[in-house]
1. Kirkwood Rh, Cα Rg: Rg to Rh for the range 217-362?
2. With +1 on each Lys and Arg Cβ and -1 on each Asp and Glu Cβ, how big is the dipole of the range 264-420 about its Cα centre, in debye rounded to the nearest 20?
3. Using a 7 Å offset from the Cα along the Cα-to-Cβ direction at both Asp83 and Val340, what is the distance between the two label points in nm, to one decimal?
4. How many Å² of accessible area per residue for the chain, probe 1.4 Å?
5. Roughly how many whole Å is it from the C-alpha centroid of the range 362-378 to that of the range 232-298?
6. Have a look at the DSSP beta bridges in the chain and tell me what percent are antiparallel, nearest 5.
7. Report, to the nearest whole %, how much of the accessible area of the range 319-442 belongs to carbon and sulfur atoms, 1.4 Å probe, protein only.
8. Compute the projected area of the convex hull of the Cα atoms of the range 51-172, averaged over all viewing directions, and report it in nm² to one decimal place.
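The values are calculated or read from the model by the stated rules, or taken from the named source; none is laboratory data. Small disclaimer: the values here were computed from a predicted structure and weren't measured. When we count neighbours, we look across all protein chains shown, and the Cβ atoms used for this are built from the backbone with ideal geometry, even at glycine. What goes into the accessible areas is simple: the full protein's heavy atoms, side chains included, and nothing from ligands, DNA or RNA. Shrake-Rupley method; radii C 1.70, N 1.55, O 1.52, S 1.80 Å.
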Amino acid sequence: MESLVIIGNGITGITTARLVRKQSDRPIIVISDETDFFYSRPALMYIYMGHMKFEHTKPYEDWFWEKNKIQLLRATVMSIDTDAKSIVLNNGQKLPYGQLVIATGSRTNKFGWPGQDLPGVQGLYGMRDIELMEKNTSNISKAVIVGGGLIGIEMAEMLHSRNIPVTFLVRETNYWDNILPQEEAKLVGRHIGEYGIDLRLGTQLKEILAGNDGRVRAIVTDKGEEIGCQFVGLTAGVAPNTDVAKNSKIEINRGVLVNEFLETNIADVYAAGDCAEFKMNRPRHPKIEQLWYTGRMQAEVLAKTLCGNRTAYDRGVWFNSAKFFDIEYQTYGFVSNVPVQDEESLYWEHPDGKHSIRIVYHKTGQTVIGFNLFGIRYRQAICERWIKEQRTIEYVLENLGAANFDPEFFSEFEKEAIDLFNSKHPERKVFLKRRRGLFQNA
């Protein structure tokens, strides 16, 4: 029986292996040069912060893989020969495959800054980065982070947990405002400042300077300011890791190019997760999806195709969640960072600046298309259903309590959001019909 070879043991590679195993007895080999076993990448920051150990981030016991006949191979894939249907490992071993899945994830973006490869300068993506960060931040007194977004805020929180002063350079006018509307971007920026982080908005890195020992000693901004530091975190996003396919016949653009079935241009070769780039244009859908849950969803679809049930990938309603220090963030559907024609937005923010609700809807038809939530938890299933069912803003507001997933002792803010809507639209007043509670089915 021909083997399935998967390059990458992240969420996409491992989910593919597990689900194929449930449907097939074929040999499965998962290759990784990073770690022996699969771990939860989103939990890495808590290892550095002392809340968890590496073994706590492994969702499966070490015996799971042998029991399920999934062979884990610690090696680097040096080349892929798609004509011979084989790969070559760094130890010289040639490994044949029947089907090949490339699930190699991402790598940290670097933009050619002078000094970007100095000791003490690094990104944050995988286990190796955590180990390096542990070494690089030992006994330091000052750090600089370059680049906002979700990785940057994670690194800021990690350093803050060790009382390391941080200067944070962000190119945008407000934090992550290439993704967030201005109000939420300002909310996050204020919150970062409350934690004592020296947030420099509208500021870019010009170069990184070395000391006599060859390690980083300072950075220089585009404003000409020199800031002393012993550590620089590069967190200006990530890019698909396509190295393994570069010298093969597999088509690459920014990522490994795939169709809606996650098939590459070569028969029996597939790509999924962070490293894959969709060929087709889908309005308001990114061609590269670099999220934990989309990596898992792509793997679920790919496993069906690999087992003979060719299935197209459909992500459904967009979802993402994160946290900015202690403020949780959820987003569902389409929420643009800038105003869009024929879209209206109801934005309510609590005076404490730590809770907000945004509901986006079409001016024509009044149907809701997206939510942004800060400091408030809403049920994913209900928000997605309202978007799919094209519920109106009035319906959603009247039933808003049904979506609230906060613990019962947390404050409820649905009435405040409705009062704001009624003040803007006195001719269309709505009233809260559903309050927070279990077993809601609005």
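1. For the range 217-362, the value is 1.07.
2. 760
3. The answer from the label model is 4.7 nm.
4. 46
5. 29
6. 60
7. Roughly 52 percent of what the probe reaches on the range 319-442 is carbon or sulfur.
8. Hull-based average projected area comes out at 11.4 nm².
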